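Before any comments, here is the structure.
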Amino acid sequence: MLKNAEIIKKNESKPQVIQLFSQTDIQKFVDLYNALPITKNNKIQKVIKKRWLQNYNKELDNFYLDKLKSVLGDFKMDNLKTEDGLDIFGLFQESHLPLKLHVDSGFYEENVVYKQTLVPLSPYGETVIYKNRWYGKSTSFTVDKEELSIANEKVIGKNLVSDSHNKMFGDKKFNEEDHYNFLKHENIDNLKGLEIEKVYKWKVGEILIFDRTHLHSSSCNIKTKKLGLTSFTKK
């Protein structure tokens, strides 16, 4: 359980989408992505991850931070740090398969987690945000017995794996139409008790903002691959 859950709840709000970036801005982000070293190339999940490392483009660093402040107000970055102790500004993810149900609520119980943002860098993709919230550490949710049998490693930066959401949110069957339209990559039993808050259809130039306590996933609708930039913040 996050120690400051009651404070976190006071900062929560509904997901919102804002037009924030020009096509030129987006191209600069893509150019940075291409220049950065690969952090992780998971060939099983078919996702390439790159951390936004400071000082590759200082002007772009400052521009991005100023844009985030304009929509989020006061915040601190919460994207882990480099080996030199510098904040990472975000995580670029090139995904060839949809991400499954999870929550990005952080790895430290004492943090007052705030908003996370998604900036689409490719024109096609969908993100599913659920009404359900989680006030524990970052977790990937599954009812797959094989996945659950793998012991959770106590490693900072690695999600826990749990089926506790099934017990927490009840046994109501997930909407079958929503499952067919958006979530065919998920076992429908893994979605019991969940209800969709928003399906965000990616649009280049926009930013999606939502609480880090929201359960979320990709939709199953993906064309070859998609590229997005995600940042995590705290108070």
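The values are calculated or read from the model by the stated rules, or taken from the named source; none is laboratory data. Treat the numbers as computed from the prediction; the structure is a model and nothing was measured. Glycine also receives a Cβ, built like all others from the backbone with ideal geometry; neighbour counts cover every protein chain displayed.
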Hey, can you tell me all the residues within the stretch 95-144 that are under 21 Å from THR39 (Cβ atoms), over 13 Å from the mean Cα position of the chain (by Cα) and surrounded by 23 or more Cβ atoms within 10 Å (Cβ to Cβ)?
GLY125
Right, ILE222: at pLDDT 95 or above, closer than 22 Å to GLU94 by Cβ and of a type outside the set (S, T, N, Q) or not?
no
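Rundown of residues vs (1) of a type in the set (Phe, Trp, Tyr); (2) more than 27 Å from ILE88 (Cα to Cα); (3) free of Cβ contacts under 8 Å to residues at least 60 places away in the same chain, yes/no style:
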{"site": "GLY125", "(1), (2), (3)": "no, no, no"}
{"site": "LYS158", "(1), (2), (3)": "no, no, yes"}
{"site": "ASP171", "(1), (2), (3)": "no, yes, yes"}
{"site": "GLU186", "(1), (2), (3)": "no, yes, no"}
{"site": "GLU195", "(1), (2), (3)": "no, yes, no"}
Answer with yes or no whether ASP74 is surrounded by fewer than 16 Cβ atoms within 10 Å (Cβ to Cβ), modelled with pLDDT of 95 or more and closer than 26 Å to GLU197 by Cβ.
yes
Return yes or no: is ILE196 touching a Lys or Arg at 6+ places or on another chain (Cβ under 8 Å) and of a type outside the set (Ser, Thr, Tyr)?
yes
Single match in PHE107, PHE89 (criterion: in a loop (DSSP other than H, G, I, E, B), in contact (Cβ under 8 Å) with a residue 12 or more places away in the chain, in contact with a Phe, Trp or Tyr (Cβ under 6 Å, 6 or more places away or on another chain) and not hydroxyl-bearing (Ser, Thr, Tyr))
PHE89
Flagged pairs (Cβ under 9 angstrom, 6 or more apart or on separate chains; first in the stretch 2-27, in contact (Cβ under 8 Å) with a residue 60 or more places away in the chain; second among the polar types (S, T, N, Q) and loosely packed, with under 13 Cβ neighbours inside 10 Å) are LEU20/SER70
Tabulated pairs, the stretch 63-77, first touching a residue at least 60 places away in the same chain (Cβ under 8 Å), second not hydrophobic (A, V, I, L, M, F, W, C), C-beta under 6 angstrom, 6+ apart or interchain:
LEU72/LYS115; PHE75/TYR114; PHE75/THR233; LYS76/LYS234; MET77/ASP87
LEU86: touching a strand residue (DSSP E or B) at 6+ places or on another chain (Cβ under 7 Å) and modelled with pLDDT under 95, yes or no?
no
Search the stretch 33-50 for residues being at pLDDT 90 or above and touching a strand residue (DSSP E or B) at 6+ places or on another chain (Cβ under 8 Å), and hand back the single one that is nearest to THR224 (Cα to Cα).
ILE48
Which members of the stretch 83-112 meet the condition of being closer than 23 Å to LEU191 by Cβ and among the aliphatic types (A, V, I, L, M)?
LEU97, LEU99, LEU101, VAL103
Which residue out of THR224, THR213 is more than 18 Å from the chain's Cα centre (by Cα), closer than 30 Å to LEU20 by Cβ and among the β-branched types (Val, Ile, Thr)?
THR224
Would you call GLN54 within 30 Å of HIS179 (Cα to Cα) and in contact with a strand residue (DSSP E or B) (Cβ under 9 Å, 6 or more places away or on another chain)?
no
Flag if LYS14 is under 18 Å from the mean Cα position of the chain (by Cα) and loosely packed, with under 13 Cβ neighbours inside 10 Å
yes
Name the residues in the stretch 158-191 that are among the acidic types (Asp, Glu) and at pLDDT below 95, would you?
ASP163, ASP171
